Amino acid sequence: MSMQKADIPESILQLAEKNGQLQVFRFWNELNELSRADLVKQFESIDFDMIKEAMEQTNLASGSLISPLKTMTLAQQEERKAAFQTEGNHLIREGKVAALVLAGGQGSRLGFNGPKGTLNVGITRELYLFEILLNNMLANIRAAAAETNQEMKYLHFCVMTSDQNHEQTVSFFEDHHFFGYPEKYIHFFKQDQAPALSHSGEILLDEKDRISLAPNGNGGWFRSMMRCGLWDLLKKDGVEWINVVSVDNVLQNIADPVFLGAASLAGVPAAAKVIAKVSPDERVGAICYRNGRPSVVEYSELTDEMRLATDEKGQYLYHFGVTLNYLFKMTETEKAAGTSLPIHKANKKIKCLTEAGEPFVPEEPNAYKLEYFIFDILEAFDEVLSMECLREDEFAPIKNKAGVDSLQTARDLLVKKTGITL
Ligand code: UTP
């Protein structure tokens, strides 16, 4: 590749050479000062170890031994529910739990132009996803305060954004005056990015001065959260548990006292909310052990035999799907933060520049997107409490434009549960 390398800062040149990524700078001579500096900055932000690991990795799922993990069913919770609730409400009143909404995704299936949390779920009025999540959490805070006739203790509400949607998300909250929630309890931080790679491991370019970067999946939250200082801030304020939830479930139960109380009384480092699958064929990840560690098995990983396998009571062994509502004990998560997460390489169609600098819109998957998944974090813990919740009460995700798990189905489920007018 011919290129005048003279003006590329020496350290960057070395980094590029060492990692076999010189092609990133192939249009250097055509770039002005500003673009050059920008490209260097993007390049410096890249996690080359992640790339190396991803390219060396073979099929992740192959070779893992999946076995069932027992769930605390609704029936089993019944007699201890009051005790869980008392404990959970106490923790809420003490401000021992904080919420973290994962809102850095690109929502590609929904195709909504803007951060997903800014989607208006209302029909005759405005009712935004972020607002719904705050309201869901507030309902639990209010109930906890009411139990002992105390003043409400606001909980920290953290929002993980991405480079692509950070500014829009923050200004959305500002424009809506944080939906009446005290601003000092709302925190935003950006997740890290990962570059798109060609099948041979070369970093792709979007533009001559722009690396093709995308959010690095929903599993990188604790490292990003620790790095930006938010983790310490929460700890100093006495927070012990982080309730990590997805942004797109209108029935997401945030700071649920029963869930929190159960996890606290069980003394577990982490807990996952799960729902009974409608059928063994429902395409949701199921809670399980993987090589003896708590984990999630994706639908595609289960053989027909495993999907239909039952226990002595006739209950499917992989019957409970995760809802993306987890509790993590901060002290234990810190210990786990050092363990490395597997990288998931998704083969996708990613627009990029050709060698010559022409825009290329692929018709076949041409590149890898690199992501960490939140459920891989579970493997870092010896024990994870899997706790059933009722689908009608807590699960109404918005993933697709139409059909299953769409805005329409979520609206219907929200109205059915709460009776509100949208
Ligand atoms: P999904 O896996 O459904 O991804 O995310 P998505 O980006 O919302 O949608 P698609 O797959 O592109 O259509 C589950 C949760 O994880 C968050 C999402 O915002 C959502 O709350 N997420 C996902 C992140 O915060 N960062 C990511 O890099 C990916």
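The values are calculated or read from the model by the stated rules, or taken from the named source; none is laboratory data. Because the structure is a prediction, the values reported are computed rather than measured. Cβ sites come from the backbone with ideal geometry, for glycine too, and all protein chains shown count toward neighbours. Areas reflect the complete protein model, heavy atoms only, side chains present, ligands, DNA and RNA absent. Shrake-Rupley method; radii C 1.70, N 1.55, O 1.52, S 1.80 Å.
Applying the criteria of a DSSP loop state and at most 13 other Cβ atoms within 10 Å to the GluC sites (Glu not before Pro) of region 142-171 yields E151. Quick one: compute the contact order of the chain, relative version, from alpha carbon pairs under 8 angstrom and 6+ residues apart, as a percent. It rounds to 22 percent for the chain. Here's the list of lysines a cross-link from K18 could span, going by alpha-carbon distance under 18 Å and ignoring same-chain residues fewer than 8 apart: K5, K41, K52.
In this structure, the amide hydrogen of F188, modeled 1.01 Å from its nitrogen in the peptide plane, lies closer than 5 angstrom to those of V159, counting only residues at least 5 positions away or on a different chain. Per-residue 3J(HN,Hα) values for region 355-363, derived from phi via the Karplus relation 6.51 cos²θ - 1.76 cosθ + 1.60 with θ = phi - 60°, read 3, 7, x, 8, x, 10, 10, x, 9 Hz in sequence order (x marks Gly and Pro).
Largest to smallest in accessible area, the residues D412, D175 fall in the order D175, D412 (1.4 Å probe, all protein chains included). Measuring only protein heavy atoms, the 1.4 Å probe finds R391 accessible over about 60 Å². Heads up, I need the accessible area for V284: 1.4 angstrom probe, whole protein in place, Å², nearest 10. My reading of the accessible area for V284 is about 30 Å². Scalar couplings 3J(HN,Hα) for region 331-344, obtained by applying the Karplus form with A = 6.51, B = -1.76, C = 1.60 to θ = phi - 60°, are 4, 6, 5, 4, 5, 7, 4, x, 6, 8, 8, x, 9, 9 Hz; x denotes Gly and Pro. Ranking N216, L260, M306 by Cα position along the charge dipole of the chain, where only Lys, Arg, Asp and Glu carry charges on their C-beta atoms, puts L260 farthest toward the positive end. Estimated from helices alone, the mean residue ellipticity of the chain at 222 nm is -8500 deg cm²/dmol (sum of -39500 (n - 2.57) over DSSP H runs with n ≥ 4, per residue). When the solvent-accessible area of the chain is split by element, carbon and sulfur atoms take up 48 percent of it, the probe being 1.4 Å. Solvent-accessible area per residue in region 5-98 equals 57 Å², computed with a 1.4 angstrom probe and all protein chains kept. Taking a straight Cα-Cα cut-off under 23 Å and skipping sequence neighbours fewer than 8 places away in the same chain, the lysines within cross-link reach of K417 are K81, K116, K273, K277, K399, K401.
Once all protein chains are placed together, K335 keeps about 140 Å² accessible to a 1.4 angstrom probe.
Between the amide H of S406 and those of K399, N400, distances stay under 5 Å, these residues lying 5 or more places away or on another chain, with hydrogens modeled in the peptide plane. Ignoring aspartates and glutamates fewer than eight residues from K416 along the same chain, the ones with Cα atoms less than 19 angstrom from its Cα are E126, E131, D248, E392, D393, E394, D405. Here the contact order of region 119-278, divided by its residue count and restricted to Cα pairs under 8 Å and six or more residues apart, works out to 23 percent.
Scanning the chain for DSSP H helices at least 27 Å long along the axis (C-alpha atoms) with a Kyte-Doolittle mean no lower than 0.5 picks out 129-147.
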